[in-house]
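Please read the structure below before turning to the comments.
The values are calculated or read from the model by the stated rules, or taken from the named source; none is laboratory data. Since we're looking at a predicted model, the values are computed, not measured. Cβ placement follows ideal geometry from the backbone for every residue including glycine, while neighbour counts extend to all protein chains displayed. These area figures cover heavy atoms from the full protein model, side chains too; ligands, DNA and RNA do not enter into them. Shrake-Rupley method; radii C 1.70, N 1.55, O 1.52, S 1.80 Å.
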Amino acid sequence: MKSYIQHNIVQQFFAAHRTTYLLSALSLLTAFFAIFIPLPASAGAISNSQFQQYVTDICLGNITAPPGVTWNTTTMCTNATPGYAGGGVTVSTNLGTADANTGTTTPKGNEVHECLDDFNQEDGCATGGWGLLVSAQFGRSTRTETELENGFQSDLRGLLVGMDYRFTDNFILGAAVSRTQDEATFVNSAGSLKTSNSILTMYSTWLPSEKISVDGYLGYGIVNFDSQRKIVFGTLISGTASGSTLARQAMAGISTAYHSKLGNVSVSPFINLDYIKTDIKGYNETGTTLLELHYGDRSTISSTASLGARLSQSYPFKWGSLSPSLHGAGVHEFQNNANQIYSELVITPGAGIFVATDEPDRDYFLSGLGVTAALNSGTQLFLNYERRSGDSLLDSWAVSLGLLKEF
(Lines give C-alpha, C1' and ligand atoms only; values in the text may rest on other atoms or scores of the structure.)
Protein backbone atom coordinates (compact mmCIF):
# COMPACT_ATOMS: atom_id res chain seq x y z
CA MET A 1 0.00 0.00 0.00
CA LYS A 2 2.86 2.40 0.75
CA SER A 3 4.34 2.11 -2.72
CA TYR A 4 0.94 2.40 -4.33
CA ILE A 5 0.18 5.68 -2.60
CA GLN A 6 3.52 7.29 -3.30
CA HIS A 7 3.29 6.38 -6.95
CA ASN A 8 -0.33 7.42 -7.11
CA ILE A 9 0.27 10.98 -5.95
CA VAL A 10 2.89 11.56 -8.61
CA GLN A 11 0.66 10.43 -11.42
CA GLN A 12 -2.51 11.93 -10.02
CA PHE A 13 -1.24 15.40 -9.28
CA PHE A 14 1.23 15.59 -12.12
CA ALA A 15 -1.18 14.39 -14.78
CA ALA A 16 -4.40 15.78 -13.38
CA HIS A 17 -3.62 19.26 -12.21
CA ARG A 18 -0.65 20.84 -13.88
CA THR A 19 0.40 20.95 -17.49
CA THR A 20 -2.88 21.02 -19.36
CA TYR A 21 -4.50 22.87 -16.48
CA LEU A 22 -1.94 25.67 -16.61
CA LEU A 23 -2.01 25.70 -20.39
CA SER A 24 -5.76 26.25 -20.47
CA ALA A 25 -5.73 28.74 -17.62
CA LEU A 26 -3.27 30.88 -19.56
CA SER A 27 -5.35 30.42 -22.70
CA LEU A 28 -8.26 31.91 -20.77
CA LEU A 29 -6.18 34.97 -19.87
CA THR A 30 -4.74 35.28 -23.37
CA ALA A 31 -8.28 35.30 -24.71
CA PHE A 32 -9.16 38.14 -22.34
CA PHE A 33 -6.50 40.32 -23.92
CA ALA A 34 -7.60 39.25 -27.38
CA ILE A 35 -10.74 41.25 -26.70
CA PHE A 36 -8.73 44.37 -27.39
CA ILE A 37 -6.70 43.17 -30.37
CA PRO A 38 -8.02 44.27 -33.79
CA LEU A 39 -9.75 41.89 -36.13
CA PRO A 40 -9.43 42.03 -39.92
CA ALA A 41 -12.18 44.00 -41.60
CA SER A 42 -13.88 40.88 -42.97
CA ALA A 43 -14.17 39.14 -39.61
CA GLY A 44 -14.56 42.18 -37.37
CA ALA A 45 -16.73 44.54 -39.40
CA ILE A 46 -19.40 44.76 -36.70
CA SER A 47 -17.01 45.41 -33.84
CA ASN A 48 -14.82 47.76 -35.89
CA SER A 49 -17.90 49.79 -36.78
CA GLN A 50 -18.86 49.90 -33.11
CA PHE A 51 -15.52 51.37 -32.12
CA GLN A 52 -15.49 53.69 -35.11
CA GLN A 53 -18.92 55.02 -34.13
CA TYR A 54 -17.72 55.46 -30.53
CA VAL A 55 -14.81 57.69 -31.63
CA THR A 56 -17.07 59.54 -34.08
CA ASP A 57 -19.66 60.29 -31.39
CA ILE A 58 -16.98 61.72 -29.11
CA CYS A 59 -15.62 63.95 -31.86
CA LEU A 60 -19.08 65.14 -32.94
CA GLY A 61 -20.09 65.90 -29.38
CA ASN A 62 -22.71 63.16 -29.18
CA ILE A 63 -20.82 61.89 -26.13
CA THR A 64 -19.76 64.52 -23.62
CA ALA A 65 -17.41 64.51 -20.67
CA PRO A 66 -18.98 63.84 -17.27
CA PRO A 67 -19.28 66.75 -14.81
CA GLY A 68 -15.92 67.92 -13.50
CA VAL A 69 -13.91 66.15 -16.22
CA THR A 70 -12.16 67.93 -19.10
CA TRP A 71 -11.30 66.15 -22.35
CA ASN A 72 -8.66 67.31 -24.82
CA THR A 73 -9.67 65.51 -28.02
CA THR A 74 -8.76 68.09 -30.68
CA THR A 75 -5.70 66.28 -32.03
CA MET A 76 -7.37 62.88 -31.92
CA CYS A 77 -10.47 64.10 -33.68
CA THR A 78 -8.46 65.92 -36.36
CA ASN A 79 -6.48 62.78 -37.13
CA ALA A 80 -9.47 60.47 -36.82
CA THR A 81 -11.69 62.40 -39.24
CA PRO A 82 -11.00 60.03 -42.19
CA GLY A 83 -12.19 57.20 -39.97
CA TYR A 84 -15.56 58.70 -39.07
CA ALA A 85 -18.55 56.45 -39.55
CA GLY A 86 -19.70 56.67 -43.15
CA GLY A 87 -16.32 57.84 -44.30
CA GLY A 88 -15.69 54.67 -46.25
CA VAL A 89 -12.37 53.96 -44.57
CA THR A 90 -11.57 50.59 -43.01
CA VAL A 91 -10.88 50.75 -39.30
CA SER A 92 -8.75 48.08 -37.61
CA THR A 93 -8.27 49.41 -34.12
CA ASN A 94 -11.44 48.43 -32.32
CA LEU A 95 -12.08 46.21 -29.36
CA GLY A 96 -12.43 43.22 -31.62
CA THR A 97 -13.61 40.96 -28.85
CA ALA A 98 -12.48 37.59 -27.85
CA ASP A 99 -14.13 35.76 -25.02
CA ALA A 100 -12.16 36.14 -21.84
CA ASN A 101 -13.60 32.80 -20.86
CA THR A 102 -12.57 30.88 -23.95
CA GLY A 103 -9.97 28.88 -22.12
CA THR A 104 -11.20 26.51 -19.44
CA THR A 105 -9.56 24.34 -16.87
CA THR A 106 -8.80 21.02 -18.48
CA PRO A 107 -7.36 18.72 -15.84
CA LYS A 108 -6.62 15.16 -16.74
CA GLY A 109 -8.26 12.22 -15.13
CA ASN A 110 -6.64 10.01 -12.55
CA GLU A 111 -3.44 8.51 -13.90
CA VAL A 112 -2.71 5.83 -11.33
CA HIS A 113 -0.01 3.24 -11.84
CA GLU A 114 -0.57 0.49 -9.31
CA CYS A 115 2.35 -1.02 -7.46
CA LEU A 116 0.96 -4.27 -6.14
CA ASP A 117 1.24 -4.94 -2.42
CA ASP A 118 3.62 -7.88 -2.91
CA PHE A 119 6.06 -5.79 -5.00
CA ASN A 120 9.26 -4.80 -3.24
CA GLN A 121 12.14 -2.41 -3.81
CA GLU A 122 13.72 -4.65 -6.45
CA ASP A 123 10.50 -4.66 -8.43
CA GLY A 124 10.64 -0.89 -8.94
CA CYS A 125 8.27 0.20 -6.19
CA ALA A 126 10.14 2.29 -3.68
CA THR A 127 8.91 2.58 -0.12
CA GLY A 128 10.25 6.01 0.86
CA GLY A 129 8.01 8.46 2.72
CA TRP A 130 9.23 11.59 0.93
CA GLY A 131 8.88 12.34 -2.75
CA LEU A 132 10.71 15.07 -4.68
CA LEU A 133 9.08 15.95 -7.99
CA VAL A 134 10.60 17.90 -10.89
CA SER A 135 8.81 18.28 -14.22
CA ALA A 136 8.90 20.39 -17.37
CA GLN A 137 5.84 21.27 -19.44
CA PHE A 138 5.40 22.32 -23.04
CA GLY A 139 2.18 23.11 -24.86
CA ARG A 140 0.41 25.00 -27.60
CA SER A 141 -3.07 26.51 -27.90
CA THR A 142 -4.82 27.71 -31.05
CA ARG A 143 -7.87 29.93 -30.84
CA THR A 144 -10.29 30.05 -33.80
CA GLU A 145 -11.18 33.49 -35.12
CA THR A 146 -14.89 34.39 -35.11
CA GLU A 147 -16.93 37.48 -35.87
CA LEU A 148 -16.58 38.55 -32.26
CA GLU A 149 -13.25 37.12 -31.22
CA ASN A 150 -9.68 37.30 -32.39
CA GLY A 151 -7.68 34.23 -33.26
CA PHE A 152 -4.27 33.51 -31.79
CA GLN A 153 -1.64 30.86 -31.30
CA SER A 154 0.23 30.61 -28.02
CA ASP A 155 3.19 28.51 -26.90
CA LEU A 156 3.73 27.57 -23.28
CA ARG A 157 6.74 26.29 -21.39
CA GLY A 158 7.07 25.75 -17.68
CA LEU A 159 8.90 24.15 -14.79
CA LEU A 160 7.46 22.68 -11.61
CA VAL A 161 9.13 21.50 -8.40
CA GLY A 162 7.17 19.74 -5.68
CA MET A 163 7.65 17.84 -2.44
CA ASP A 164 5.19 15.49 -0.76
CA TYR A 165 5.19 13.24 2.30
CA ARG A 166 3.30 10.05 3.06
CA PHE A 167 2.01 10.46 6.62
CA THR A 168 0.25 7.08 6.67
CA ASP A 169 -0.33 4.26 4.23
CA ASN A 170 -3.52 6.06 3.22
CA PHE A 171 -2.66 9.75 3.14
CA ILE A 172 -0.16 12.00 1.35
CA LEU A 173 0.19 15.76 1.55
CA GLY A 174 2.44 17.90 -0.62
CA ALA A 175 3.18 21.29 -2.11
CA ALA A 176 4.49 22.44 -5.46
CA VAL A 177 5.68 25.70 -7.00
CA SER A 178 5.59 26.29 -10.72
CA ARG A 179 6.63 28.96 -13.17
CA THR A 180 5.17 29.08 -16.66
CA GLN A 181 5.63 31.47 -19.57
CA ASP A 182 3.29 31.82 -22.52
CA GLU A 183 3.82 33.80 -25.72
CA ALA A 184 0.76 34.44 -27.89
CA THR A 185 0.68 35.88 -31.40
CA PHE A 186 -2.64 37.16 -32.74
CA VAL A 187 -3.74 36.60 -36.32
CA ASN A 188 -3.18 39.17 -39.07
CA SER A 189 -0.19 40.67 -37.21
CA ALA A 190 -2.68 42.28 -34.84
CA GLY A 191 -0.52 42.09 -31.75
CA SER A 192 1.08 39.88 -29.14
CA LEU A 193 0.87 38.97 -25.48
CA LYS A 194 3.55 37.64 -23.14
CA THR A 195 2.34 36.01 -19.95
CA SER A 196 4.22 34.66 -16.94
CA ASN A 197 2.51 32.77 -14.15
CA SER A 198 3.80 31.77 -10.71
CA ILE A 199 1.65 29.30 -8.78
CA LEU A 200 1.85 27.70 -5.34
CA THR A 201 -0.27 24.55 -4.98
CA MET A 202 -1.09 22.33 -2.02
CA TYR A 203 -2.26 18.82 -2.91
CA SER A 204 -3.21 15.59 -1.19
CA THR A 205 -4.20 11.98 -1.83
CA TRP A 206 -6.41 9.88 0.42
CA LEU A 207 -7.15 6.20 -0.02
CA PRO A 208 -10.31 5.24 1.89
CA SER A 209 -9.92 1.72 0.51
CA GLU A 210 -7.59 -0.26 -1.74
CA LYS A 211 -9.78 0.44 -4.77
CA ILE A 212 -10.76 4.07 -4.21
CA SER A 213 -8.57 7.18 -4.28
CA VAL A 214 -9.56 10.78 -3.58
CA ASP A 215 -7.30 13.65 -4.63
CA GLY A 216 -7.61 17.37 -4.00
CA TYR A 217 -5.65 20.58 -4.53
CA LEU A 218 -5.72 24.28 -3.66
CA GLY A 219 -3.65 26.82 -5.55
CA TYR A 220 -2.86 30.50 -5.71
CA GLY A 221 -1.07 32.27 -8.53
CA ILE A 222 0.11 35.67 -9.74
CA VAL A 223 0.11 36.36 -13.47
CA ASN A 224 2.00 39.17 -15.23
CA PHE A 225 1.02 40.42 -18.69
CA ASP A 226 2.79 42.49 -21.33
CA SER A 227 0.72 43.22 -24.43
CA GLN A 228 1.25 44.90 -27.78
CA ARG A 229 -1.83 46.01 -29.77
CA LYS A 230 -1.53 47.25 -33.34
CA ILE A 231 -3.73 50.26 -34.13
CA VAL A 232 -4.82 51.44 -37.58
CA PHE A 233 -7.64 54.02 -37.73
CA GLY A 234 -8.46 55.73 -41.00
CA THR A 235 -5.43 57.03 -42.89
CA LEU A 236 -3.73 59.25 -40.30
CA ILE A 237 -3.63 57.10 -37.14
CA SER A 238 -1.41 54.07 -36.83
CA GLY A 239 0.88 52.73 -34.16
CA THR A 240 1.17 50.28 -31.28
CA ALA A 241 -0.44 50.44 -27.86
CA SER A 242 1.49 48.75 -25.05
CA GLY A 243 -0.01 47.43 -21.86
CA SER A 244 1.15 45.82 -18.64
CA THR A 245 -0.85 44.48 -15.72
CA LEU A 246 -1.23 41.52 -13.39
CA ALA A 247 -3.87 39.08 -12.27
CA ARG A 248 -4.40 36.91 -9.22
CA GLN A 249 -5.71 33.37 -9.52
CA ALA A 250 -7.36 31.08 -7.00
CA MET A 251 -7.96 27.46 -7.97
CA ALA A 252 -9.29 24.31 -6.37
CA GLY A 253 -10.26 20.82 -7.41
CA ILE A 254 -11.21 17.36 -6.24
CA SER A 255 -11.25 14.04 -8.04
CA THR A 256 -12.04 10.45 -7.20
CA ALA A 257 -11.26 7.21 -8.99
CA TYR A 258 -12.13 3.55 -8.68
CA HIS A 259 -9.29 1.15 -9.45
CA SER A 260 -9.92 -2.35 -10.73
CA LYS A 261 -8.27 -5.05 -12.84
CA LEU A 262 -9.39 -6.49 -16.17
CA GLY A 263 -6.94 -9.30 -16.66
CA ASN A 264 -3.51 -7.66 -16.55
CA VAL A 265 -4.91 -4.23 -17.37
CA SER A 266 -5.65 -1.65 -14.67
CA VAL A 267 -8.94 0.16 -15.29
CA SER A 268 -9.66 3.39 -13.40
CA PRO A 269 -12.86 5.34 -14.10
CA PHE A 270 -12.75 8.81 -12.55
CA ILE A 271 -14.61 12.07 -12.06
CA ASN A 272 -12.96 15.49 -11.57
CA LEU A 273 -14.37 18.82 -10.41
CA ASP A 274 -12.24 21.94 -10.98
CA TYR A 275 -12.65 25.65 -10.27
CA ILE A 276 -10.53 28.68 -11.13
CA LYS A 277 -11.17 32.37 -10.49
CA THR A 278 -9.00 35.06 -12.04
CA ASP A 279 -9.04 38.71 -10.91
CA ILE A 280 -7.41 40.99 -13.48
CA LYS A 281 -6.24 44.43 -12.37
CA GLY A 282 -7.29 47.41 -14.47
CA TYR A 283 -4.68 49.43 -16.35
CA ASN A 284 -4.02 52.02 -19.06
CA GLU A 285 -2.31 51.34 -22.36
CA THR A 286 0.52 53.63 -23.40
CA GLY A 287 1.32 54.88 -26.90
CA THR A 288 1.16 57.86 -29.25
CA THR A 289 -2.03 57.22 -31.26
CA LEU A 290 -4.40 58.82 -28.70
CA LEU A 291 -6.58 55.72 -29.13
CA GLU A 292 -5.00 53.88 -26.21
CA LEU A 293 -7.55 52.24 -23.96
CA HIS A 294 -8.26 52.00 -20.25
CA TYR A 295 -9.49 48.65 -18.91
CA GLY A 296 -11.13 48.32 -15.53
CA ASP A 297 -10.80 45.53 -13.00
CA ARG A 298 -12.41 42.31 -14.10
CA SER A 299 -13.00 38.77 -12.81
CA THR A 300 -13.50 35.54 -14.70
CA ILE A 301 -14.62 32.16 -13.35
CA SER A 302 -14.36 28.70 -14.84
CA SER A 303 -15.97 25.61 -13.30
CA THR A 304 -15.72 22.22 -14.99
CA ALA A 305 -16.59 18.58 -14.43
CA SER A 306 -14.72 15.74 -16.14
CA LEU A 307 -15.84 12.13 -16.46
CA GLY A 308 -13.54 9.53 -17.96
CA ALA A 309 -11.36 6.46 -17.52
CA ARG A 310 -7.74 5.41 -17.64
CA LEU A 311 -6.20 2.14 -18.77
CA SER A 312 -2.68 1.04 -17.89
CA GLN A 313 -0.53 -2.07 -17.75
CA SER A 314 2.75 -2.69 -15.95
CA TYR A 315 5.65 -4.69 -17.41
CA PRO A 316 8.38 -5.83 -14.96
CA PHE A 317 12.07 -5.78 -15.89
CA LYS A 318 15.31 -6.38 -14.02
CA TRP A 319 15.82 -2.65 -13.63
CA GLY A 320 12.26 -1.93 -12.47
CA SER A 321 8.96 -1.65 -14.36
CA LEU A 322 7.48 0.14 -17.35
CA SER A 323 3.83 1.24 -17.37
CA PRO A 324 2.19 2.66 -20.53
CA SER A 325 -1.27 4.17 -20.19
CA LEU A 326 -4.20 5.63 -22.13
CA HIS A 327 -6.95 7.93 -20.88
CA GLY A 328 -9.94 9.88 -22.11
CA ALA A 329 -12.53 12.18 -20.54
CA GLY A 330 -15.51 14.29 -21.47
CA VAL A 331 -15.50 17.80 -19.95
CA HIS A 332 -18.40 20.18 -19.32
CA GLU A 333 -18.00 23.89 -18.54
CA PHE A 334 -20.64 25.27 -16.17
CA GLN A 335 -19.63 28.95 -16.17
CA ASN A 336 -17.54 31.20 -18.46
CA ASN A 337 -20.71 32.80 -19.79
CA ALA A 338 -20.76 35.23 -22.69
CA ASN A 339 -20.90 38.80 -21.39
CA GLN A 340 -20.33 42.48 -22.12
CA ILE A 341 -16.90 43.98 -21.46
CA TYR A 342 -16.38 47.70 -20.84
CA SER A 343 -13.44 49.87 -21.92
CA GLU A 344 -12.81 53.55 -22.62
CA LEU A 345 -10.24 55.77 -24.27
CA VAL A 346 -7.56 56.94 -21.84
CA ILE A 347 -8.04 60.55 -22.96
CA THR A 348 -11.83 60.45 -22.49
CA PRO A 349 -12.39 58.97 -19.01
CA GLY A 350 -15.97 58.42 -17.97
CA ALA A 351 -17.34 57.47 -21.40
CA GLY A 352 -16.75 54.05 -22.92
CA ILE A 353 -18.37 51.23 -24.81
CA PHE A 354 -19.39 47.65 -24.13
CA VAL A 355 -18.41 44.85 -26.49
CA ALA A 356 -19.86 41.35 -26.59
CA THR A 357 -18.02 38.06 -26.20
CA ASP A 358 -18.71 34.65 -27.68
CA GLU A 359 -20.39 31.92 -25.70
CA PRO A 360 -17.73 29.27 -24.98
CA ASP A 361 -18.03 25.72 -26.21
CA ARG A 362 -19.30 23.99 -23.09
CA ASP A 363 -18.45 20.40 -24.00
CA TYR A 364 -15.19 18.99 -25.30
CA PHE A 365 -13.00 15.91 -24.96
CA LEU A 366 -9.56 15.22 -23.48
CA SER A 367 -7.49 12.26 -24.58
CA GLY A 368 -3.91 11.28 -23.99
CA LEU A 369 -1.25 8.69 -23.44
CA GLY A 370 1.75 8.33 -21.18
CA VAL A 371 4.46 6.06 -19.90
CA THR A 372 6.17 5.73 -16.52
CA ALA A 373 9.43 3.95 -15.77
CA ALA A 374 9.82 3.00 -12.10
CA LEU A 375 13.48 2.24 -11.36
CA ASN A 376 14.71 -0.05 -8.59
CA SER A 377 16.54 2.91 -7.06
CA GLY A 378 13.21 4.54 -6.20
CA THR A 379 13.33 7.06 -9.06
CA GLN A 380 10.37 7.29 -11.44
CA LEU A 381 10.58 8.87 -14.89
CA PHE A 382 7.41 9.84 -16.74
CA LEU A 383 6.21 11.29 -20.02
CA ASN A 384 2.61 12.33 -20.75
CA TYR A 385 0.80 13.81 -23.74
CA GLU A 386 -2.76 15.16 -23.79
CA ARG A 387 -4.91 16.82 -26.43
CA ARG A 388 -8.08 18.87 -26.19
CA SER A 389 -10.49 18.20 -29.04
CA GLY A 390 -14.14 18.67 -29.91
CA ASP A 391 -14.04 22.36 -28.89
CA SER A 392 -15.20 24.62 -31.71
CA LEU A 393 -13.14 27.55 -30.41
CA LEU A 394 -9.98 26.25 -28.76
CA ASP A 395 -7.57 23.46 -29.63
CA SER A 396 -4.60 22.65 -27.42
CA TRP A 397 -2.04 19.99 -26.57
CA ALA A 398 0.42 19.59 -23.74
CA VAL A 399 3.47 17.43 -23.04
CA SER A 400 4.84 16.79 -19.54
CA LEU A 401 8.03 15.01 -18.61
CA GLY A 402 9.90 14.67 -15.39
CA LEU A 403 10.96 12.54 -12.47
CA LEU A 404 10.07 11.69 -8.89
CA LYS A 405 12.76 10.70 -6.40
CA GLU A 406 11.51 8.84 -3.35
CA PHE A 407 13.56 8.75 -0.15
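Start at zero, step by 10 Å, and the Cα-Cα distances of the stretch 306-407 spread as 13, 27, 21, 17, 12, 7, 3, 0 percent across the bins.
Between residue 318 and residue 65, what length in nm is gained on full extension when 0.36 nm per residue of separation is reduced by their alpha carbon distance?
So the extension gain works out to 83.2 nm.
For the peptides 373-380, 190-197, 129-136, the ranking by mean Cβ contacts within 10 Å, running from highest to lowest, is 190-197, 373-380, 129-136. Between residue 375 and residue 265, the distance separating the two model label sites (each 7 Å from Cα on the Cα→Cβ line) works out to 3.1 nm. Surface analysis of the stretch 132-173 yields an accessible area of 43 Å² per residue, using protein heavy atoms and a 1.4 Å probe. Which percent of the accessible heavy-atom area of the stretch 172-225 goes to carbon and sulfur, probe 1.4 angstrom? The computed percentage sits at 62. Looking at the stretch 223-376, the accessible area is 43 square angstrom per residue; that uses a 1.4 Å probe and ignores ligands, DNA and RNA.
Surface composition of the stretch 269-380: carbon plus sulfur atoms contribute 64% of the solvent-accessible area (1.4 Å probe, protein chains only, all chains present).
The simple spin-label model puts a point 7 Å past each Cα toward its Cβ; for residue 365 and residue 326 those points are separated by 1.2 nm.
In this label model, residue 275 and residue 218 are separated by 1.2 nm, measuring between points 7 Å along each Cα→Cβ vector.
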